[in-house]
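Worksheet: one structure, shown below.
The values are calculated or read from the model by the stated rules, or taken from the named source; none is laboratory data. Small disclaimer: the values here were computed from a predicted structure and weren't measured. Counting neighbours? That spans all protein chains shown, and the Cβs are built from the backbone with ideal geometry, glycine included. To get the accessible areas, we keep the full protein, side chains included, count just its heavy atoms, and leave off ligands, DNA and RNA. Shrake-Rupley method; radii C 1.70, N 1.55, O 1.52, S 1.80 Å.
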Amino acid sequence: MGAAANNHEEESNPLIPAAVAAAPADEKPPQAPAPEAAKCYADGVPVVMGEPVLAHAFGGLPRESWNSGILSCLGRNDEFCSSDVEVCLLGTVAPCVLYGSNVERLAAGQGTFANSCLPYTGLYMLGNSLFGWNCLAPWFSHPTRTAIRRRYNLEGNFEAFTRQCGCCGSLVEDEERREHLEAVCDLATHYLCHPCALCQEGRELRRRVPHPGFNNGHSVFVMMPPMEQTMGRGM
């Protein structure tokens, strides 16, 4: 009798929701979804609650477009206009210097300029001496384009082509196959439009990452405030 009376009181208690009262004892009541974490950017990389988002963790986030097109030689008419002109001149006259600067910004550390510029210069001179054109340096420099695209979740040439023509949708949905095709497109871009590819990468990095010499090679650390919390009375 006492157990039946207690069960009757629990069922009729107005403080207990009907869904919870009707659920079995071994099942937990449904919980509200967790609030979406706040996101900002540091050094051009998405940061969630003070932790940078890795390239493989972008998941289903839509990929962003490059800040400028590959044929936008003079860049855009904004606060980086003078820097875009400098990038254009370096890509035309001294691509080895521009490539070394791009790698230095991407690595966010000092000392990488010489390690990148000198091998590029050797391959540049060797290709022009043996074959009459710069055919070796693009093979050496194209992984930088892939690294920029992955780090900042940028749209690749293959995905942009399929979006415009509306074909090969199944290849884009397969992340592994799409990434292989994008890497091939990065190599082809450097071979067919090498100076333009270097300039586009330089414009992208200068808008996202400060020069390592400005902050002694230290990365930017962002302190995110805690999420909004609510207080409630325990039952």
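A few points about this structure:
- Dipole magnitude for the stretch 53-154: about 380 debye, using +1 per Lys or Arg Cβ and -1 per Asp or Glu Cβ, origin at the Cα centre.
- Among the chymotrypsin sites (Phe, Trp or Tyr not before Pro) in the stretch 86-152, those located in a DSSP loop and surrounded by at most 13 other Cβ atoms within 10 Å of their own Cβ are Phe131, Trp133.
- Surface exposure of the stretch 80-211, expressed per residue as accessible area with a 1.4 Å probe, stands at 47 Å².
- Between the residues Pro143, Pro195, Gly169, the greatest Cα displacement towards the positive end of the dipole of the stretch 126-217, with unit charges on the Cβ of Lys, Arg, Asp and Glu, is found for Pro195.
- Dipole check for the stretch 80-211: with +1 at the C-beta of Lys and Arg, -1 at the C-beta of Asp and Glu, and the Cα centre as origin, the magnitude is about 300 Debye.
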